[in-house]
Amino acid sequence: MDQPVVFVGENAVLNPVPPASAPPVPDTSTFAGSDMEAQLMEAIEAIRPALQADGGDVNVVGLDPETGIVDLELVGACGSCPASTMTLKAGIERILKDRVEGITAVNAVGMDPEF
């Protein structure tokens, strides 16, 4: 049996484990509710394959709809890449500003504050 089994009382329940190569499913519960959040998540999903092709990814940490500031975390190879500042500012920020009305800036979580 390839799947782990969790015993609940006298019944066994199979819990499928997603393959390690499956892309993470973004948690939109924190941002659900407005058009800005929906547009943001759609734009992030469009950007994500390019980052994953280089061994990285991006997580949305926060969004302030009033100021239009998005907090992002670059992870994997992107998190430690010397070009991550360029990726974030000249790439991701530019794309998000173009695709999502109201986005004014992108902040990097876990990177040096000068960026």
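Values quoted throughout were computed directly from the atomic coordinates according to the rules given, and no laboratory measurement underlies them. Small disclaimer: the values here were computed from a predicted structure and weren't measured. Backbone-built Cβ (ideal geometry, glycine too); neighbour counts: all protein chains shown.
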- Message: On a full-extension model of 0.36 nm per residue, what is the gain between Asp35 and Thr85, subtracting their alpha-carbon distance, rounded to one decimal in nm?
- Response: 15.3 nm
- Whether the range 31-108 is rounded, prolate or oblate, judged on the alpha carbon gyration tensor where a/c under 1.5 counts as rounded: prolate
- Message: Taking R0 as 25 Å, what FRET efficiency do you get between Glu101 and Ala50 from their Cβ-Cβ distance, rounded to the nearest 0.05?
- Response: 0.65
- Note: Arg94 to Ala77 extended length (0.36 nm per residue) minus current alpha-carbon separation gives 4.0 nm
